[in-house]
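I have a structure I would like to understand better, so I am pasting it below and will then ask my questions one at a time.
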């Protein structure tokens, strides 16, 4: 087991990564406070891992709330179901919510925990690669709105993240590939040596080599913990972790969150952000192509849906990084160095959108 600490100043918590953690009674006892627990999971994950986690929790009072699976259910209505379960089981402020599932379950559970009785504790137990390397770490919680992705939410840090790598054995191949998009992101915006490592080790990652996956997860969490520790509320450097997301969120919203997994849309968004960075003279053609090739090597789509330039711009203007009507984008100065920019040439953005979504 590897343990990484995230220190945001007012809060510090462990990120545990390893095999067999969901049934490790000693680990769960150390990192999950309280005697009353509500496990929130999905219809896809609960049959696989709910009993294992319940056994690891020993003789605590354990309730459960099983949600329908899929990004389309990441709504205020679903948050309401979690809160109904908390009230129905008469859980108080000393209860703990446990998110057992992927990014959707984690975001919904964290938001419900932030809202219930003005905030209760929660623990992330991510079961997908994407959740283990990204969404479970950093305290962003929330749900989607028809007008845009993650428009309703709160910053609410977990008390612990417990990433059991055994859960990746049952992860569908498409979900594994989607998670690799977020792994690639860290190489693009922060660590060019990690980018190089991913180019070499992508076949091992796709083959689910345990050592390769553990290293990729740990390095991704190390980078995210460092960035979040500097800027918990995304007023500055944390925004670079949204590389590709503004384009990707527009694609997700335009296709009603049904055609693409989040990581697939982010992969397409990174290709578009790299293209715009090249058009602006920030990165060379070789760097742009390396990003496209790495995304393709992960089995991710490289052809965006033709949602239209006007629709894309409309949805991008609903992004949370918009300030004073300007869509701020995460662009690359070079591989491993990202910047937040609102001063790019509008015709360059239009040219990128015409190339990919017109």
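What number of residues in region 37-62 are under 22 Å from the mean Cα position of the chain (by Cα), surrounded by fewer than 21 Cβ atoms within 10 Å (Cβ to Cβ) and either under 11 Å from residue 98 (Cβ atoms) or outside the structural domain of residue 92 (by TED's automatic domain parsing) (or both)?
Counting residues in region 37-62 that are under 22 Å from the mean Cα position of the chain (by Cα), surrounded by fewer than 21 Cβ atoms within 10 Å (Cβ to Cβ) and either under 11 Å from residue 98 (Cβ atoms) or outside the structural domain of residue 92 (by TED's automatic domain parsing) (or both) gives 1.
Any idea how many residues of region 221-251 are in contact (Cβ under 8 Å) with a residue 40 or more places away in the chain, closer than 23 Å to residue 146 by Cβ and in a helix (DSSP H, G or I)?
Qualifying residue count for the region: 7.
Output the residues belonging to region 287-312 that are in a helix (DSSP H, G or I), over 23 Å from the mean Cα position of the chain (by Cα) and closer than 12 Å to residue 353 by Cβ.
Those that are in a helix (DSSP H, G or I), over 23 Å from the mean Cα position of the chain (by Cα) and closer than 12 Å to residue 353 by Cβ: 309, 310, 311.
Is at least one residue of region 3-16 assigned to a helix (DSSP H, G or I) and assigned by TED's automatic domain parsing to the domain that holds residue 128? Steps first, please.
Going residue by residue through region 3-16, those that are assigned to a helix (DSSP H, G or I) are none.
The answer is no; no qualifying residue exists.
Which is buried (at least 24 other Cβ atoms within 10 Å of the Cβ), part of a helix (DSSP H, G or I) and touching a residue at least 24 places away in the same chain (Cβ under 8 Å), of 202, 270? Reasoning before the result, please.
Values: 202 fails: buried (at least 24 other Cβ atoms within 10 Å of the Cβ).
270 is the lone residue from the list that is buried (at least 24 other Cβ atoms within 10 Å of the Cβ), part of a helix (DSSP H, G or I) and touching a residue at least 24 places away in the same chain (Cβ under 8 Å).
While we're looking at this one, here's another question. In this structure, does residue 34 turn out to be surrounded by 15 or more Cβ atoms within 10 Å (Cβ to Cβ) and modelled with pLDDT under 95?
Values: surrounded by 15 or more Cβ atoms within 10 Å (Cβ to Cβ): yes; modelled with pLDDT under 95: yes.
Answer is yes for this residue.
Quick grid of which residues meet (1) buried (at least 20 other Cβ atoms within 10 Å of the Cβ); (2) part of a helix (DSSP H, G or I):
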| residue | (1), (2) |
| --- | --- |
| 150 | no, no |
| 154 | no, no |
| 157 | yes, no |
| 161 | yes, no |
| 169 | no, yes |
| 180 | yes, yes |
| 195 | yes, yes |
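Please go through region 276-286 and pick out each residue that is in contact with a strand residue (DSSP E or B) (Cβ under 7 Å, 6 or more places away or on another chain) and either closer than 16 Å to residue 263 by Cβ or assigned to a helix (DSSP H, G or I) (or both).
Of everything in region 276-286, those that are in contact with a strand residue (DSSP E or B) (Cβ under 7 Å, 6 or more places away or on another chain) and either closer than 16 Å to residue 263 by Cβ or assigned to a helix (DSSP H, G or I) (or both) turn out to be 276, 277.
The values are calculated or read from the model by the stated rules, or taken from the named source; none is laboratory data. From a predicted model like this one, the values you see are computed outputs, not experimental measurements. Ideal geometry is used to build each Cβ from the backbone, glycine not excepted, and the neighbour counts take in all protein chains shown.
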